[in-house]
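The values are calculated or read from the model by the stated rules, or taken from the named source; none is laboratory data. These numbers were taken from a predicted model, which means no experiment stands behind them. Quick reminder, even Gly has a Cβ in these numbers, built from the backbone with ideal geometry, and neighbours come from all protein chains shown. Accessible surface is based on the protein model in full, side chains and every heavy atom, while ligands, DNA and RNA are left aside. Shrake-Rupley method; radii C 1.70, N 1.55, O 1.52, S 1.80 Å.
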Amino acid sequence: MAERFSAVAKRWLYTTNHKDIGILYIITALFFFVAAGLLALTMRTQLSIPNNNVLTAEVYNQFVTVHGLLMIFWVLSPFAFGFANYIIPLQIGARDLAFPRLNAMSYWFYLFSGVMMILSFFFGAAPDLGWTLYSPQTAFEFAPTIGLNLGAGALILIVVSITMSSVNFLVTMFKMRAPGLKLRRMSLFPWSILVTIFMMLYAFPSFLAAVLLLYVDRAFGTFYFSSIQGGSLLWDNVFWFFGHPEVYIVLFPALGIIADVIPTFARRPLYGSKYVIGSLVAAALISFVVWGHHMFLTGYGVITDKLYTVTTVAVSLPFDVIVISLIETLAVAKLRLKAAALFTLGAVALFIIGGITGVYLASVALDYALRGTYFVVAHFHYIMVGGSIMGLIGGLYYWFPKITGRMYNESMARIHFIVSFIGFNVLYFPMFLLLDMPRRIATYSPDTGWGLLNLTATVGGFIFGGAQLLLFYNLYRSARVGPPAGPNPWNGWTLEWALPSPPPAHDFDTIPTFMDDGTIHFGSSIGLPNGSSHGIGEPNGSSVGHEYSSIHSEGLSPWPILMAFSAFIFFLGITIGKPASPQPVTYQPFWPLIADGVILGLISLLGYSREKFNVHEDTNVESWPFKQVPNMKLGIWTFLGAEVIFFGVLIGAYFFVRTASPTWPTPGTVFDIRNGFAMTLVLLTSSMTAIMALASARAGNKNGLIISLLGTLGLGGLFLYIKAGEWFSLGSSGVFNTYPLPATSYFITTGVHGVHVVAGMCMTVYLLANALKGKYIKGDHATLEHFGLYWHFVDIVWVFLFPLFYLI
Amino acid sequence: MAISNMQVQFDNLFWLFTYLAIAVSVVVFGLMVIFIIKYRDRSGSSEPHDAPILGHLPVARGHARTAILTVSLSTIILTVLIIGSFGSIDTILSSPAPCNIQISHSVTYNCSVLVTGHRFYWDFNYAGFPNRTITGAPSCQQAICIFAVPQSEDIRLNVTSADVFHNFGVIAFKVKADAYPGHVNFIWFNAETIGNYTIQCYELCGPGHATMIATIDVMPLGQFVSWFNSTIVQ
Ligand code: HEM
Ligand SMILES: [Cu+2]
Ligand SMILES: [Cu+2]
C-alpha cells in the first residue's frame, strides 16, 4: 500500500511525460478556478444589497485583486496549456515536447507561483489595488504590506514558467511535426497555440521588466514608479503594452478549441480555415499597437486618442471574419448537439456580445463615460468567461474521453450547459446596465438605484457557480465508472483520435505521415475505427511508418520539481523580508530562506545537468522554416528574443524618465567615463576569448580551450570587479539623494545586466569543469556554441548601456 | 433629459452604437439560430459529403468573397461609428473660452476650477482664489463643502492628484478624467439643469475608494454669484 502510494507519488512528482503534465496543468487550473470563483462569489454576496458589510473595504480590495490575478494568470492560460500539453504533441505526431524536463519545470514553477500568490493573504494583506497594479499606489508608502511583495514574486515566477513553456512549444511546433504536416495543414487548436506563444514571447518580458522595477522600488526604495517623472504613466505604458496582448493570450487557445470542436460536431470542415488562421495572425499583430485605448483618459491628446480608436476598431475586423466563418461552418451540416458542441456554440454567442460591447469601449468618446464602470466588467467577463472559459469547458468535455478513456454523462453535461448559460447571462447582463456604477467599489448607497441589478447579478452568480458543481461531479464520477469511450467517440479527424483512449505512455508506435494527397498514415497498431479508409497515396520521399529514433525513457526526473521548489524558497526569502522604509534604504531580506534556496538550486542545477536525459532529435520530421537549426539552438535564439524585449523595456523605461525629467546630470559628472570605457573593453575582449574557446574546441585543442575559458572567466570577473567598485563608491556618495532618478535607472539596469554576467560566469565554470575532463573537443561542442550566443548577447547589451549611461 | 451637454452627446452616440449593435446581433444570431435548428442532426439526415474523417485532411472549404464581404460590411458600420466618435471627442477635448462672471464690481470669475484627488476626498480650488479650498470629503458637513457651479456656463476643470491614481467622474454629466500626480488633465462641461449631482472616484485608490464621493451643486447664475461672494471671496 505504502509502496504503491510512493510509486504513484513518484510518477506524478517526477514525471516529464507531456500527457501527465497536461493533466496536472488542467487539474491545478481547475483548483485555482474554484479558489478564485469563491472569492468572486463572496464579492457578489457583498454587493448584493447596498451598504452591505459582509466584507470590509480592505478585504474586498484584496479579493477583487487576487480574483482577477488568479483568473487571468493562473486559470485561463494554464487551463488552455494543459490541453496544449496533452494534445498538441499527439496532433503533430511528436514524441513529446522538445524539452520534457523543461516542461515539467514550467509546471512546477506555475504551481509554486500560485501557492505564493495565495500565501500573500497570510502575510499582512494580499495585493489590494486591482490586477492592473497601478502606480504609484504600489509604492511602499501606500502599500506597506509584505503581501504585495509576495504577489510580485508570484508574478515573476509565473512569467518564468510561461517563458519556459513558450520556448518549449515554439521549438516543438517548428521542429517536430510529423512528415508532411506542413504548418498550413495544422488544425486550428495548434495554430491558436502557435500564435499565442508568439504573443507570450513578446508580451511577457515587458511585464517581467515592469514587475521587477516595481519590486526593486519597493524593496530598495528606488524611484521608477514613485517619482513624478516615471510614476503612473510609465507603469500604464509598460503594463498595457503587455496587458492588451495578454487579453488575447487568454482568449486565442479557446478560439482554437472552438474552431476545431464545431466542425467535428457539425460534420463539416471549418469554413474558410485559411482566413481564420490569417485573422488570428492579424489580430495578434494588431494587438501590440492598441494599448493606448487603456489610456484614453490620461490626457495624451486628441491625435493619439483617435489613432488608438482606429487601431482598436480595426482589431475587431479579424474577429468578425472568425465569427462569420464559425457560423458559416454550420451551413448544410449535420450538427450533433453534444455538450462540447453546446459549450463551444454558446461560447461563440457570448463572445459576439463581448466583442460588440468592446467596440463601444474602443470609441474614445464613449470611453469617457464608460471607463472604470461595470460596463467594462460586463464586457471582459463576456469575453473571458463567456468566450474563454465556456470554450475551454467545451474542450474539457471534448477531450475527457480521450484522456480518461471513459465517457461522461451526456444529459448531466447538457443540463450543466443550460444552467451555466442562463446563470451566466443573469450574472453579467445586468452589469451592462450598471454603466454608471464604478467597478472595484466595496459598497454603494441605496439612493444610487443600483440595488436591484446588483441583486440580480448575485443570484446569477450563484446559479453559474452552482452549475459548475455538476461539471466536477460528472467528471469525477465518470472518470471512475463511465462507460469505455473507445478511441474516436466524436468521429474527429485530428491525430489524437487515432490512438487508443487513453493513449499509451509513448503515444504513437511509429511516426504518422501526411501524404501529398491529403491522407494520413499511422503505421500499424492503432485504434482506427473499423473500415475507415486508410490512405492510399504515395509516401512523399521517405518511407512510411518508420520508428521514432528514441523510445521514450521512463522519463522520470526529480530535478524539475526541486529546481522550482528552490526558486520558490529563494523568492519567499526575498519577498517576506522586511521591506525598505522609503528613506534611507534598509532592505532586510530573510537570509536563511535565501541561502536554502540558493543551495537547493545549485544542487538541483548540478543534478539536472548531470542527469542522463537524452532526447534524440528525429531527423525525419517536418521542420520548416528551421530545417538546419538544432532544437537547442532554436530554443536559445527564442529565449534571447525574449531577452531583447526585456532589456528593451528596461532601456525604454530609462528613456521615459530621462525625457520626462527637466534636468539630468551631464556626462562625466556622476558616472566616470573611464570606468565605463574600461568595462566595455574588458567585456569585448571576453567575447573574443569565448570565440577562441569555440575555435579551439573545434580544432580539438584541449589546452587552448581551457585557457580561453579561463580567460573568459577572468575577464568576466574583472568586469564585475570594476562594476562593484563603481557601485560601492556611488552608493556611499549618496547619489540616491542628489540624483534619485539617474541613480535608480543606473543601478537597476546595470544590476540586471550584472546578474546576466554572473549567470554567464556560472556557465563558464561548468564548461571549464567539463573541459578539464576532456569534453567538447571531439565534435561535441554544441554546448559551447550555445554559451557563446548567450555571452555575446550579454556583451552586446553592455555596448548599448555604456553610451546610454556614461556618454550622453 | 438634458443634464449636461456631455451627457446629451453621450446619449446620442450610445444609442447610435446600440441601434447598430442590435441590427448586427439580429443578423448574426438569427443566422446562427436558423443554422442550428435547420441543420441539426435528425434521424435520417445524411452525413455531408465533405465530413471530416480520421486519416484524411479535411477538404478546404469557403470562399475569399465571404471574408471580403464580412470585412467590407464591418468596415462600413465601423466607419459610421468612428465618424460619430470623432465628432464627439472633438467636443470633449476642445477648450471653450473662459466665462466672465461679474461677482462684484472688483471681482470676476472665469469658470475654471482645479480639482485635486486625495486619499479619500476631492478638493476644489476656484481659479484666482487658491486659498479657499473646498473639500468634498464624504464626512464634510459645513457650507464650505459644497462645490458649486453656475448653470449653463462652460465649466473648465483641471484635474490632478496629490497622491495615487484616482479618476474624477461626475456620474450624471458623463464627464471623467484620470487624476494622477505630476499631471493636470483638462475636461469641461456645461450643466443645463439645476440640482445636486454625485461625484465619484472611478479608479481603485485604496480602502476609502467606494466612499470617495462628493457633490456638485448646479446653481442659477444669481444664486451662484451670491454664494461665491459669501464663501469664496469673503
Ligand atoms: C463565478 C464566476 C465569477 C463571478 C461571480 C465574478 C465576479 C466578479 C466581480 C464581482 C468582480 C469585481 C468587479 C469590480 O469590483 O471591479 C470581478 C472582477 C474580475 N473578474 Fe470575475 N467573476 C467570475 C468569474 C471570473 C472569471 C472566470 C474570470 C476570468 C476568467 C474573471 C475575471 C475577472 C477580472 C479580470 C476581474 C477584474 C479584477 C480587477 O478589477 O482587478 N472573473 N469578477
Ligand atoms: Cu486592451
Ligand atoms: Cu478611488
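So how strong a dipole does region B:101-233 carry about its Cα centre when Lys and Arg Cβ are +1 and Asp and Glu Cβ are -1, to the nearest 20 debye?
Once rounded to the nearest 20, the dipole reads 80 debye.
Count charges around residue B:189 for me, please; just the other residues with Cβ under 12 Å from its Cβ, Lys/Arg as +1, Asp/Glu as -1. Here the count lands on 0. Note on residue A:310 and residue A:480: their simple-model spin labels are 6.2 nm apart, each label 7 Å out from Cα toward Cβ. In this assembly, the B-A interface accounts for approximately 7600 Å² of buried accessible surface in total, computed with a 1.4 Å probe and without ligands, DNA or RNA.
Seen through its C-alpha gyration tensor, with square-root eigenvalues sorted a ≥ b ≥ c, region B:101-233 comes out prolate because a/c lies at 1.5 or above while a/b is bigger than b/c.
Each Lys or Arg adds one and each Asp or Glu subtracts one; over the other residues with Cβ under 9 Å from the Cβ of residue B:40, this totals +3. Phi-derived couplings, Karplus 6.51 cos²θ - 1.76 cosθ + 1.60 at θ = phi - 60°, listed residue by residue for region A:783-800: 4, 4, 4, 5, 4, x, 4, 4, 5, 5, 4, 4, 5, 4, 4, 5, 4, 7 Hz, with x used for Gly and Pro. Name the shape class, rounded, prolate or oblate, that the alpha-carbon gyration tensor gives for chain A, where a ≥ b ≥ c are the square roots of its eigenvalues, rounded holds for a/c under 1.5, and otherwise prolate holds if a/b is larger than b/c and oblate otherwise. It comes out oblate by the Cα gyration axes. Here the spin labels are modelled as points 7 Å beyond Cα on the Cα-Cβ line, and at residue A:9 and residue A:336 they lie 4.3 nm apart. The relative contact order of chain A comes to 16 percent, based on Cα pairs under 8 Å that sit 6 or more residues apart. log₁₀ I(q)/I(0) of region A:225-299 at q = 0.14, 0.15, 0.25 Å⁻¹, via Debye over equal Cα point scatterers, no solvent, to two decimals? For region A:225-299, the Cα-only Debye profile gives -0.60, -0.64, -1.10. Distance in nm between label sites at residue A:516 and residue A:807, each 7 Å beyond Cα in the beta-carbon direction? About 5.6 nm, to one decimal. Counting only DSSP beta bridges with both residues in region B:101-233, the antiparallel share comes to about 75 percent.
Rounded to 0.05, the FRET efficiency of the residue B:106 and residue B:221 pair, given R0 = 22 Å and the Cβ-Cβ distance, is 0.75.
Once the dipole of region A:663-808 is set up with Lys and Arg at +1 and Asp and Glu at -1 on Cβ about the Cα centre, which of A:794, A:772, A:721 lies farthest towards its positive end? The residue sitting most towards the positive pole is A:772. Net charge in the neighbourhood of residue A:766 (other residues with Cβ under 12 Å of its Cβ; Lys, Arg +1, Asp, Glu -1) is +3.
When only Cα pairs below 8 angstrom with a gap of at least 6 residues are kept, region B:101-233 shows a relative contact order of 26 percent. Close amide H partners of residue B:201, meaning residues 5 or more places away or on another chain with modelled amide H under 5 Å apart, are B:212. R0 = 30 Å: FRET efficiency of residue A:695 with residue A:556, Cβ-based, nearest 0.05? Plugging the Cβ-Cβ distance into 1/(1 + (r/R0)^6) gives 0.20.
Which one of A:73, A:33, A:17 has its Cα pushed farthest toward the positive end of the charge dipole of region A:1-125, where Lys and Arg give +1 and Asp and Glu give -1 at the Cβ? Going by the charge dipole, the pick is A:17. 3J(HN,Hα) along region A:378-393: 4, 3, 6, 6, 4, 6, 7, 8, x, x, 6, 4, 4, x, 5, 5 Hz, from the Karplus curve 6.51 cos²θ - 1.76 cosθ + 1.60 with θ = phi - 60°, whole Hz, x for Gly and Pro. Whole-Hz Karplus values for region A:200-205 come out as 4, 4, 9, 8, 5, x Hz, taken residue by residue from phi with 6.51 cos²θ - 1.76 cosθ + 1.60 and θ = phi - 60°; glycine and proline positions read x. Amide H contacts of residue A:177 (H built 1.01 Å from N, in plane; Pro and chain starts excluded): A:622 sit under 5 Å, all sequence-distant by 5 or more or on other chains. Its relative contact order, with pairs defined as Cα atoms under 8 Å and 6+ residues apart, puts region A:148-240 at 33 percent. In this Cβ point-charge picture (+1 for Lys and Arg, -1 for Asp and Glu), region A:663-808 has a dipole of about 440 debye about its Cα centre.
The portion of the accessible surface of region A:640-799 made up by carbon and sulfur, rounded to a whole percent, is 72 (1.4 Å probe; DNA, RNA and ligands excluded).
The stretch between residue A:759 and residue A:778, if pulled fully straight at 0.36 nm per residue, gains 4.2 nm over its current Cα-Cα span.
With the charge dipole of the protein assembly as shown set up from +1 on Lys and Arg Cβ and -1 on Asp and Glu Cβ about the Cα centre, the Cα lying farthest toward the positive end among the listed residues A:146, A:183, A:43 is that of A:183. Most simply put, the protein assembly as shown has about 80% antiparallel DSSP beta bridges, counting only bridges with both residues inside it.
Can you run the Rg to Rh ratio on region A:663-808? Use alpha carbon positions and the Kirkwood inverse-distance Rh. Numbers along the way, then the final one.
Numbers: Rg = 17.3 Å, Rh = 16.1 Å.
Checking Rg against Rh, the ratio lands at 1.07.
Rolling a 1.4 Å probe across the protein heavy atoms gives region B:101-233 an accessible surface of 33 Å² per residue. A Cα-only calculation for region A:285-354 places Rg and Dmax at 17.3, 53 Å.
For region A:98-228, the calculated P(r) over all alpha carbon pairs, in 10 Å bins from 0 to the bin holding the longest distance, is 12, 34, 27, 16, 8, 2 percent.
Could you compute the FRET efficiency for residue B:162 and residue A:737, with r as their C-beta to C-beta distance and R0 at 25 Å, rounded to 0.05?
Rounded to the nearest 0.05, the efficiency is 0.60.
Atom-type composition of the exposed protein surface of region B:133-234 places 52 percent of the accessible area on carbon and sulfur (1.4 angstrom probe). Can you bin chain B into rounded, prolate or oblate? Criterion: square roots of the alpha carbon gyration tensor eigenvalues sorted a ≥ b ≥ c, rounded for a/c under 1.5, prolate for a/b above b/c, oblate for the rest. Prolate.
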